[in-house]
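Heads up: the structure comes next, in structure tokens.
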Amino acid sequence: MRLRKQQYTQQQLEELSLPVLARLRPRLAEARIILAYYSLPDEVNTHQLIDDLLADSKTVLLPTVIGEGLMEWHVYSSKSELKNGAFGIGESAGELYSGFSKYTSPSEKQMIALVPGVAFDAVGRRLGRGKGYYDRFLAAHPHIYKIGVCFDFQRVMEVPVDEQDVPVDEVI
């Protein structure tokens, strides 16, 4: 899949992001809190989406790597607060978020996590980048509704999984 992504120019990946984001936006309409990620160059571009969600009065959280396999979430308020974090990922320098226990059911979709991945299959299994950050976090917070975000060519028939892998609720 990594080789497949390399076949596209940055401009082509930007263009391929547009229909994915168009399908994603309506799914986020009712959510109050969005756990997003500031996309890397080879991922669906989430930069403008994040600012649009903020403009829509959503609470947007971005992950910060705090140790091997561990991350925490910080409130995002503007591009000016972004810092370059682990693996070159944009991280928020905002306030640490600690309100995960306020929401108890993923069916309410009040708190939605946008989950990146290398590949996804039809039943929500996800192939990540191999460090397990999202799997550890999501396993500890099963009440969060999870949306896998990927280019259409990243959808495959079957993703190999281990017992610690956490599937997403839907893939867009």
**OP:** Would you please name the residue that is surrounded by the fewest Cβ atoms within 10 Å (Cβ to Cβ), looking only at residues in region 94-148 that are assigned to a strand (DSSP E or B) and over 15 Å from the mean Cα position of the chain (by Cα)?
**Re:** LEU96
Original post:
Which pairs have Cβ atoms under 8 Å, sit 6 or more apart or on different chains, and link a residue in region 131-155 that is farther than 21 Å from ARG4 by Cα to one that is in a helix (DSSP H, G or I) and open to solvent by 30 Å² or more (accessible area, probe 1.4 Å)?
Top reply: PRO142/PRO106; HIS143/PRO106; ILE144/PRO106; TYR145/PRO106; TYR145/SER107; TYR145/GLU108; LYS146/PRO106; ILE147/ARG27
Original post:
Under 9 Å by Cβ, and 6 or more places apart or on different chains, what pairs join a residue from region 93-112 that is closer than 13 Å to ALA31 by Cα with one that is hydrophobic (A, V, I, L, M, F, W, C) and in a helix (DSSP H, G or I)?
Top reply: LYS109/LEU28; MET111/PHE100; ILE112/LEU28
Subject >> Selected residue (only one of ASP121, ASP169, ASP162, ASP152 is in contact with a Gly (Cβ under 7 Å, 6 or more places away or on another chain) and of a type outside the set (Val, Ile, Thr)) >> reply: ASP169
Original post:
Just to be sure, is VAL20 assigned to a helix (DSSP H, G or I), modelled with pLDDT of 95 or more, under 27 Å from MET157 (Cβ atoms) and open to solvent by less than 50 Å² (accessible area, probe 1.4 Å)?
Top reply: yes
Original post:
In this structure, does LYS58 turn out to be among the basic types (Lys, Arg), in contact with a helix residue (DSSP H, G or I) (Cβ under 8 Å, 6 or more places away or on another chain) and at pLDDT 95 or above?
Top reply: yes
Subject >> Filter result (touching a Gly at 6+ places or on another chain (Cβ under 9 Å), in a helix (DSSP H, G or I) and exposed (fewer than 14 other Cβ atoms within 10 Å of the Cβ)) within region 58-88 >> reply: LYS79
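Can we say GLU91 is out of contact with any helix residue (DSSP H, G or I) (no Cβ under 8 Å at 6 or more places or on another chain) and either of a type in the set (Gly, Ala, Ser) or surrounded by fewer than 18 Cβ atoms within 10 Å (Cβ to Cβ) (or both)? Reasoning before the result, please.
Values: out of contact with any helix residue (DSSP H, G or I) (no Cβ under 8 Å at 6 or more places or on another chain): yes; either of a type in the set (Gly, Ala, Ser) or surrounded by fewer than 18 Cβ atoms within 10 Å (Cβ to Cβ) (or both): no.
Taking the combined requirement at face value, the residue does not satisfy it.
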**OP:** Answer yes or no as to whether ILE50 is closer than 16 Å to LEU21 by Cβ, outside any loop (DSSP other than H, G, I, E, B) and out of contact with any Lys or Arg (no Cβ under 8 Å at 6 or more places or on another chain).
**Re:** yes
Subject >> Within region 1-17, considering residues that are surrounded by 12 or more Cβ atoms within 10 Å (Cβ to Cβ) and not charged (D, E, K, R), the one nearest to the chain's Cα centre (by Cα) >> reply: SER17
Subject >> Qualifying position, being touching a Phe, Trp or Tyr at 6+ places or on another chain (Cβ under 9 Å) and either at pLDDT below 90 or closer than 20 Å to LEU21 by Cα (or both), among VAL161, VAL171 >> reply: VAL171
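The values are calculated or read from the model by the stated rules, or taken from the named source; none is laboratory data. Keep in mind that what you see is a predicted model, and the values were worked out from it rather than measured. Heads up, the Cβs are rebuilt from the backbone with ideal geometry, glycines too, and the neighbour counts pull from every protein chain shown. Calculation scope for accessible area: heavy atoms of the full protein, side chains included, ligands and nucleic acids excluded. Shrake-Rupley method; radii C 1.70, N 1.55, O 1.52, S 1.80 Å.
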